[in-house]
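Since the structure comes first, as structure tokens, the remarks are kept for the end.
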Amino acid sequence: MKRYLIGLLSMLSVHAAMGQQAIDVHCHNILPTFKELLDRHGAALEETFPLPDWDVASHLKFMEEAGIETSVLSMPAPQPWFGDAEESRRAVRQYNETCARLKADYPDKFLFCASLPLPDVDAAIKEAVYVLDTLGADGIKLATNSRGQYVGDAALDTLMQVLNEHHAVVMLHPHKPSPVNDGIIATAPLAVYEYPTETTRTAVNLIARNVPARYPNLKFVVPHCGSFLPLALPRMKAVYPAMAAKGLMEPIDWDANLKAFYYDLAGGATPEVVKALLTITTPDRLLYGSDYPYQPATVLTGNLKQLRTWITDDAELAPFAEKILHDNALKLFGR
């Protein structure tokens, strides 16, 4: 009888997930003014590939055809900082206010993670308070590094304290590493290898400095299936005792740090990748992400369909299918 009930519950969860629309926590809106800013500074190809076009009508059409209920918007790379603090502040403010209007104009269709004018920490703190208290931002998007200033660095502790006070969701996103080998990225653009490395580097930095443990109200979304963290974390734990014994690393609260991490499935989720990710987390921390519009809508629609199919066909994951595609994101963003 018990086995029958377990099987029935699993079957019901599969049917619910197949009919349940998804929540997309990883997508970008690329504004004409953002492209114009990059063009003025000769930075259109700074991330080694051209920014795709974006408009709200096309995004809504993609959502409808793919079966996406809500999309969480965030600014694409690169960070709009070219040495002029006021220019950066204006560009970020314009982006954030545009996102707030989109959220207001399309209720329940769009949420947004606001950007900050880093590496200017004081300006970033002011913008964070404004977007969270006034604009109603649903979270904060942080570049893994802002012109060499990495998330997790001590320079950002005052910002983390403010975000902690606001119980903020922090969406991490890889940007061009600093420094980077130009010869390597000429052969393999950043998205191929450096982006996963950059994401992993930042997550390791957060853990090594106990940032989530010190600011326990923060929740961090690690993109692209956790990148290389399922490989890096066991190694980090293995070498840590020797490093700590020599005074080369500070004490790490592993559990407190890792429980703050969520993981989106944008960028190449496969059964093997997700099973590897589940060696360091649990299904309630997995979130769907499309990475729209960096691939054609038809490709991303097919990807989501395939993701639905193999999750619901997997005996281990099927009971969590609805949570992974929808409910975990609702809970994370307090909807």
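The values are calculated or read from the model by the stated rules, or taken from the named source; none is laboratory data. These numbers were taken from a predicted model, which means no experiment stands behind them. All Cβ positions, even for glycine, are placed from backbone atoms using ideal geometry, and neighbour counts span all protein chains on display. Note: accessible area is taken over every heavy atom of the protein model, side chains too, but ligands, DNA and RNA are not part of it. Shrake-Rupley method; radii C 1.70, N 1.55, O 1.52, S 1.80 Å.
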The number of residues in region 141-150 that are touching a helix residue (DSSP H, G or I) at 6+ places or on another chain (Cβ under 8 Å) and surrounded by fewer than 24 Cβ atoms within 10 Å (Cβ to Cβ) is 3
Here the residues within region 318-335 that are among the small types (G, A, S) and at negative phi are A318, A321, A329
Counting only residues that are open to solvent by 40 Å² or more (accessible area, probe 1.4 Å) and part of a loop (DSSP other than H, G, I, E, B), region 22-43 contains a total of 2
Here the residues within region 209-265 that are in contact with a Gly (Cβ under 9 Å, 6 or more places away or on another chain), in a loop (DSSP other than H, G, I, E, B) and among the basic types (K, R) are R209
For L190, the lone unmet condition from (1) touching a helix residue (DSSP H, G or I) at 6+ places or on another chain (Cβ under 6 Å); (2) touching a residue at least 60 places away in the same chain (Cβ under 8 Å) is (1)
Residue match in region 304-311 (condition: modelled with pLDDT of 95 or more, open to solvent by 50 Å² or more (accessible area, probe 1.4 Å) and either within 26 Å of A203 (Cα to Cα) or touching a Gly at 6+ places or on another chain (Cβ under 6 Å) (or both)) = no
Residue pairs qualifying under the 7 Å Cβ cut-off, at least six apart or on distinct chains, with the first in region 233-253 being under 22 Å from T199 (Cα atoms) and the second being in a loop (DSSP other than H, G, I, E, B) and of a type outside the set (K, R), are L233/I280; Y240/M249; Y240/I252; I252/N210; D253/N210
Only one of (1) over 16 Å from the mean Cα position of the chain (by Cα); (2) in contact (Cβ under 8 Å) with a residue 60 or more places away in the chain does not apply to G139, and that is (1)
Check: Does region 255-264 contain at least one residue that is loosely packed, with under 14 Cβ neighbours inside 10 Å, over 19 Å from P174 (Cβ atoms) and without any contact (Cβ under 8 Å) to a residue 24 or more places away in the chain?
Finding: yes
L332 meets each of (1) of a type outside the set (F, W, Y); (2) closer than 26 Å to V56 by Cβ; (3) modelled with pLDDT under 95 with one exception, condition (3)
Every listed condition ((1) among the polar types (S, T, N, Q); (2) crowded, with 18+ Cβ neighbours inside 10 Å; (3) touching a residue at least 40 places away in the same chain (Cβ under 8 Å)) holds for S88 save (3)
When every residue in region 163-193 that is at pLDDT below 95 and among the small types (G, A, S) is compared, the one most open to solvent (accessible area, probe 1.4 Å) is A186
Per the filter on region 99-135, residues within 30 Å of K61 (Cα to Cα) and open to solvent by 30 Å² or more (accessible area, probe 1.4 Å) are R101, K103, A104, D105, Y106, P107, D108, K109, L132, T134, L135
